[in-house]
Amino acid sequence: MTAITKSGIQDQDHLENGIKGRHMEALIGWLMASPAMILLVGFLIIPFFLAFYFSFTNQRLISPNPTEYVGMANFKQLLTFNVLRLDPLTDELGQPILDETGSLTFPSERNFTRNNPDYPKLSGLQKWKSWDLGNSRWVLLAGDVLFMKSLINTLYFALVIVPGQAGLGLLLALLINKRTAGVNFFRTVYFIPVVVSIVVVSILFQFIYDGDNGLINTALVFITGGRFTPIDWLASPKTAMPAIMLMSAWQAVGIHMVIWLAGLQTIPEILYEAASIDGANSWQKFIFVTWPGLRNTAVFILVTITIAALGLFTQIDVMTRGGPLDSTSTIIYQAVQKGYKMQDIAYGSAISVIFFILVLSVALIQRYLTKEKDV
């Protein structure tokens, strides 16, 4: 009876010691994770909710005036646009007035956008673009022309870089997936730009794109025997964004090549053998074996590239500062400029909220595509 009692007491002591040990392990785990959690809360979670709050106010970074709630005013200014139709000016006889070149003359859009009680919806809007159709001029107006340009530039960058970079990464992955001599060397060469800081790469490409002594201009002049006229690639609205696209794809394609390669190596070799027995050529193997096997990889790569493309900032900040003529300004770049350089925290927060909605839309598309496959 005494032995049984001692055994029960020992078991109870072991149980209590085990519980205390688990509690101590959990406490140590929380203590070790606390520095990272504090940083995440302080620099990610709290700013995330503050951005939503400030976007509905007139908050300034440094201002003696108290913060006031302004509702949707910031979003209204960012997202409002309208189209104005202008009829040509006429004389007393009703005949169109022509300018020195013989073209029709039109009233200034400012007559309609500046405190005109007949056009209250156009008040405060700015001219974005205009085009002539027949005898009328159509003017596209926006509450914030720079934001609209930044939005178009961001979408333009994403629409080009996403399929281009994903396709190039897949092509490189297919090339280095073969077991041939020297393949590891090429894998390393293709991946090296990824480990280089994007700031360093941006500075390097500034010299490459230089209009006077840049590497590209020097090479083109040499190849054409001096017939090529050097171009300042980053100073022209037509070439600045394509130049940044080329640099961005070169720097980041290596990481997506590795992801594509990982997806390729998960496809069973027996499927290719079966396709060969059925008489399939290389293209048919890619269409009916390789691409279906890469579906999940493709969804992941396209989503990650899209999110990164929408967040384009560093290259713009280092290489062009949003110019020339706002041709490379992006959503994130404008948000930083508004929030910190111009100290308009509320307006910058509103831009950040819109960016978050864009990214969230991409995440929802990813969820939809993944769920579709599971059904």
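The values are calculated or read from the model by the stated rules, or taken from the named source; none is laboratory data. Here the structure is a predicted model, which means the values were calculated and not measured. So basically every Cβ, Gly included, is an ideal-geometry build from the backbone, and we count neighbours across all protein chains shown.
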For a quick check of your reading: which helices (runs of 4 or more DSSP H) sit entirely within the range 269-323 and have at least 3 residues that are under 17 Å from the mean Cα position of the chain (by Cα)? 295-310, 314-319
Mind listing just one residue for me: the one in the range 242-259 that is surrounded by fewer than 19 Cβ atoms within 10 Å (Cβ to Cβ) and either farther than 12 Å from Q165 by Cβ or among the polar types (S, T, N, Q) (or both) and, of those, farthest from the chain's Cα centre (by Cα)? V258
Against the conditions (1) basic (K, R); (2) free of Cβ contacts under 8 Å to residues at least 24 places away in the same chain; (3) surrounded by 13 or more Cβ atoms within 10 Å (Cβ to Cβ), where does K20 fall short? Just the number, please. (3)
Taking only pairs six or more apart or across chains, which ones have beta-carbon atoms under 6 Å, a first residue in the range 192-204 that is of a type in the set (S, T, Y), and a second residue that is outside any loop (DSSP other than H, G, I, E, B)? S202/Q315; S202/V318; S202/M319
If P88 meets every condition in (1) modelled with pLDDT of 85 or more; (2) in a loop (DSSP other than H, G, I, E, B); (3) loosely packed, with under 10 Cβ neighbours inside 10 Å apart from one, which number is that one? (3)
So which residues in the range 254-288 are free of Cβ contacts under 8 Å to residues at least 12 places away in the same chain and of a type in the set (V, I, T)? I270, I277, I287
Just to be sure, is T328 surrounded by fewer than 19 Cβ atoms within 10 Å (Cβ to Cβ), modelled with pLDDT of 90 or more and in contact with a helix residue (DSSP H, G or I) (Cβ under 9 Å, 6 or more places away or on another chain)? no
Only unsatisfied item for G225, checking (1) modelled with pLDDT of 90 or more; (2) farther than 30 Å from P292 by Cα; (3) over 27 Å from the mean Cα position of the chain (by Cα), is (1)
Got a number for residues in the range 217-238 being within 21 Å of S327 (Cα to Cα) and either crowded, with 17+ Cβ neighbours inside 10 Å or touching a Lys or Arg at 6+ places or on another chain (Cβ under 6 Å) (or both)? 3
Could you give every pair whose Cβ atoms fall below 8 Å, whose first residue belongs to the range 104-121 and is over 13 Å from R85 (Cβ atoms), and whose second residue is loosely packed, with under 11 Cβ neighbours inside 10 Å, counting only separations of at least 6 or pairs across chains? L104/N135; T105/D99
If you go through A142, A73, the only one that is under 29 Å from I316 (Cβ atoms), small (G, A, S) and buried (at least 18 other Cβ atoms within 10 Å of the Cβ) is A142
